[in-house]
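Structure, as structure tokens:
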Amino acid sequence: MTPLPAPAELIYALGMAAVAVNAASAVLETEDKKMDLVGAVIVGLATSLGGGTLRDLLLNRPVFWLGDVAYLFCGLLAVGLTFVLARRIRVRAGLFVVPDAVGLALFTVVGCQIAVAAGVHWLSASLLAVITGVVGGMLRDILVNEVPLVMRPGTLYATASWLGALTLLGALQLGWGDAAAAAAGGAVVLGLRLAAIRWRLSLPTYKSR
């Protein structure tokens with residue numbers, strides 16, 4: 001049985017929240033890079049729009065922020081507000097990982113819901129959710145000359161995203177409502193990601209004997 005797609009209103013609201021949170025987290029990571037506002041805008045938009053753009057291209061559907069410019073305005077507003085506030089408030093180093101975890105959870109849920117609505121196989125939907133969740137963060141880290149979080153040990157970045165997507169799909173299969181399934185999937189992503197940050201949880205790494 002194929003899970004039913006979530007209402008467009010739910011996807012839209014979560015997508016807008018994800019754009020805002022990811023844009024803000026990107027600006028926070030540029031704190032020690034001494035970027036100007038233009039640099040912050042470039043990093044913020046790449047972070048908040050990158051994963052969804054790749055997802056839409058793979059699904060051969062209109063790119064979300066080209067079809068609705070409100071996403072662009074949302075990202076720009078989040079970048080501008082964060083940039084201004086961060087210049088007036090002392091920002092603790094590494095603070096960006098918390099809003100980044102929230103953004104990962106939101107984009108994972110949105111990506112999974114959009115893939116389900118497109119009618120793809122559940123496994124493909126789960127992987128498209130991961131792409132939506134992690135690609136923006138990878139672009140952010142590359143642009144600020146850092147090793148992408150998804151590649152670092154002790155992050156459970158893509159793992160948390162994938163398990164959250166599978167939880168959402170499983171909840172839909174069990175007949176849960178859209179909002180409840182989204183909440184369950186997002187909670188798994190956020191919980192695992194924050195636990196990995198707190199206790200340095202990681203998967204086994206490759207090491208040749």
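Using Cβ point charges alone (K and R +1, D and E -1), the dipole size of region 53-202 about the Cα centre works out to roughly 580 debye. Taking other C-beta atoms within 10 angstrom as a stand-in for reagent exposure, Thr53, Thr167 fall in the order Thr53, Thr167, fewest first. Between helix 70-88 and the chain there is an angle of about 40 degrees, using the helix long axis and the longest principal axis of the Cα atoms.
Which order, highest average first, do 194-200, 106-112, 177-183 follow once you tally other Cβ atoms within 10 Å for each residue and take the mean per peptide? It would help to have the intermediate numbers written out before the result.
Values: 194-200: 13.9, 106-112: 32.3, 177-183: 17.7.
The most tightly packed comes first, giving 106-112, 177-183, 194-200.
Simple rule: put +1 on each Lys or Arg Cβ and -1 on each Asp or Glu Cβ in region 8-199, find the dipole, and look at Val147, Gly133, Thr53; the Cα lying farthest toward the positive end is Val147.
Between Met35, Met16, Met138, the GNM of the chain built on Cα springs shorter than 10 angstrom shows Met35 fluctuating the most. Using a cutoff of 8 angstrom between alpha carbon atoms and counting only pairs six or more residues apart, the relative contact order for the chain works out to 25 percent.
Ordered by the count of other Cβ atoms within 10 Å of each Cβ, fewest first, Asp100, Asp141 give Asp141, Asp100. GNM remark for the chain: springs join alpha carbons under 10 Å apart, and the peak mean-square fluctuation among Arg140, Arg90, Arg61 falls on Arg90. Among the trypsin sites (Lys or Arg not before Pro) in region 10-55, those placed in a DSSP loop whose Cβ has at most 15 other Cβ atoms within 10 Å are Lys34.
Expressed in nm to one decimal, what extension gain is obtained for the pair Lys33 and Leu66 from 0.36 nm per residue of sequence separation less their Cα-Cα distance? Don't jump to the answer; show the numbers that get you there.
Numbers: separation 33, 0.36 × 33 = 11.88 nm, distance 2.95 nm.
In short, 8.9 nm is gained.
Of interest is the spacing of the C-alpha centroids, which for region 96-118 and region 133-209 amounts to 9 Å. Residues considered: Gly119, Gly164, Gly75. Largest GNM mean-square fluctuation over the chain, using C-alpha springs under 10 Å, is found at Gly119. Ranked for footprinting exposure by Cβ neighbours inside 10 Å, fewest first, Ile42, Ile131, Ile114, Ile142 give Ile142, Ile42, Ile131, Ile114.
None of the figures in this text is laboratory data; all of them are computed from the coordinates on show. Predicted model, so just to flag it, every value in this text is computed and none were measured. Neighbour counts are summed over all protein chains in view; Cβ atoms, including those assigned to glycine, are modelled from backbone coordinates with ideal geometry.
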